[in-house]
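The values are calculated or read from the model by the stated rules, or taken from the named source; none is laboratory data. Computed from a predicted structure; not experimentally measured. Methodologically, a virtual Cβ is constructed for each residue, glycine included, from the backbone with ideal geometry; neighbour enumeration extends over all protein chains shown.
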Amino acid sequence: EAQVTQNPRYLITVTGKKLTVTCSQNMNHEYMSWYRQDPGLGLRQIYYSMNVEVTDKGDVPEGYKVSRKEKRNFPLILESPSPNQTSLYFCASSLSQRAGGKDTQYFGPGTRLTVL
Amino acid sequence: AQKVTQAQTEISVVEKEDVTLDCVYETRDTTYYLFWYKQPPSGELVFLIRRNSFDEQNEISGRYSWNFQKSTSSFNFTITASQVVDSAVYFCALSERNSGYSTLTFGKGTMLLVSP
């Protein structure tokens, strides 16, 4: 089954404790992206990756890191989480984003993160 | 700059009523793509439809229909004979080319509550 998977689905942690949220897709997609969803603010892009070893900042990159060493995986790293990073996080992938945006982004199930 | 406005924050209807969710967008591009996603209470984001800027033909899929009007920069979504299972947050999104790649911008969503 074609899908985007994220782990963990739920995470409660404390301020300053490094964590990684994994994202994997099995569709051979070039493009992957991370979003956060907050009440009243909708979905905002954190980082994206056009292909392996190519990553760039989205609208709200502060406090996050990413890497793209393999095509299928795009982990999101919070080196020193803070309470304002409490949010619902989504990973997404699409075939490409070079074709003028025509390729649909498919989303993972979401990771609900709480930072105390 | 691109912008997507979903002016209706929340809509409540009774089962079997028809309901229209509004989406107004702003873009300077002549080539762009519009999307609708559904987020049920379980939290995942489900792709519903993609429409390109050159195709103004309305689309119908079962009880769902979409009305794209370039003249008013709108891409409205109608659910006919709504059902309780339609209760969800619905997001409209715009993708346009940006320096050789594309970004996806979401509206803030409309929460639809369908009561029995």
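Can you confirm whether the stretch B:34-47 contains a residue that is among the polar types (S, T, N, Q) and farther than 19 Å from A:GLY58 by Cβ? Explain how you work it out, then say what you get.
At the first step, the residues of the stretch B:34-47 found to be among the polar types (S, T, N, Q) are B:39, B:42.
Still in the running and farther than 19 Å from A:GLY58 by Cβ: B:39, B:42.
Looking for residues that are among the polar types (S, T, N, Q) and farther than 19 Å from A:GLY58 by Cβ, one finds at least one in the stretch B:34-47, hence yes.
Suppose we filter B:PHE91, B:PHE75 for residues that are in contact (Cβ under 8 Å) with a residue 40 or more places away in the chain and either facing another protein chain (nearest Cβ under 10 Å) or assigned to a helix (DSSP H, G or I) (or both); which single one remains? Please lay out each step first, then the result.
Details: B:PHE75 fails: either facing another protein chain (nearest Cβ under 10 Å) or assigned to a helix (DSSP H, G or I) (or both).
It is B:PHE91.
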*May I ask you to list the residues in the stretch A:71-109 that are farther than 17 Å from A:ASP56 by Cβ and touching an Asp or Glu at 6+ places or on another chain (Cβ under 6 Å)?*
A:SER87, A:LEU95, A:PRO109
*Take the residues in the stretch B:32-54 that are surrounded by fewer than 16 Cβ atoms within 10 Å (Cβ to Cβ) and within 19 Å of B:SER102 (Cα to Cα), then tell me which one is farthest from the other protein chains (Cβ to nearest Cβ).*
B:PHE54
*Considering the stretch B:8-31 alone, what residues qualify as being within 13 Å of chain A (Cβ to nearest Cβ) and within 20 Å of B:LYS70 (Cβ to Cβ)?*
B:CYS23, B:TYR25, B:THR27, B:ASP29, B:THR30, B:THR31
*Name the residues in the stretch A:61-111 that are within 14 Å of chain B (Cβ to nearest Cβ), hydroxyl-bearing (Ser, Thr, Tyr) and outside any strand (DSSP E or B), would you?*
A:SER96, A:THR104
_Every residue in the stretch B:90-108 that is at pLDDT 95 or above and surrounded by fewer than 21 Cβ atoms within 10 Å (Cβ to Cβ), please._
none
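Could you list all residues from the stretch A:9-26 that are closer than 17 Å to B:LEU45 by Cα and outside any strand (DSSP E or B)? Outline the logic, then answer.
Keep residues of the stretch A:9-26 that are closer than 17 Å to B:LEU45 by Cα, which gives A:9-10, A:23-25.
Once the filter is applied, which keeps residues that are closer than 17 Å to B:LEU45 by Cα and outside any strand (DSSP E or B), the stretch A:9-26 yields only A:ARG9.
Among the residues of the stretch B:55-62, are any among the β-branched types (Val, Ile, Thr), within 11 Å of chain A (Cβ to nearest Cβ) and out of contact with any Ser or Thr (no Cβ under 8 Å at 6 or more places or on another chain)?
Narrowing the stretch B:55-62 to residues among the β-branched types (Val, Ile, Thr): B:60.
Keeping just the survivors that are within 11 Å of chain A (Cβ to nearest Cβ) gives none.
Looking through the stretch B:55-62, none of the residues is among the β-branched types (Val, Ile, Thr), within 11 Å of chain A (Cβ to nearest Cβ) and out of contact with any Ser or Thr (no Cβ under 8 Å at 6 or more places or on another chain).
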*Hey, A:LYS65 hits all of (1) touching a residue at least 24 places away in the same chain (Cβ under 8 Å); (2) farther than 26 Å from B:MET111 by Cβ; (3) touching an Asp or Glu at 6+ places or on another chain (Cβ under 8 Å) but one; which does it fall short on?*
(1)
*Would the stretch A:3-21 turn up any residue that is within 13 Å of chain B (Cβ to nearest Cβ), surrounded by 13 or more Cβ atoms within 10 Å (Cβ to Cβ), farther than 30 Å from B:SER53 by Cβ and of a type outside the set (D, E, K, R)?*
yes
*Quick one: B:SER65 ticks every box in (1) surrounded by fewer than 17 Cβ atoms within 10 Å (Cβ to Cβ); (2) more than 17 Å from B:ALA93 (Cβ to Cβ) bar one, so which box is it?*
(1)
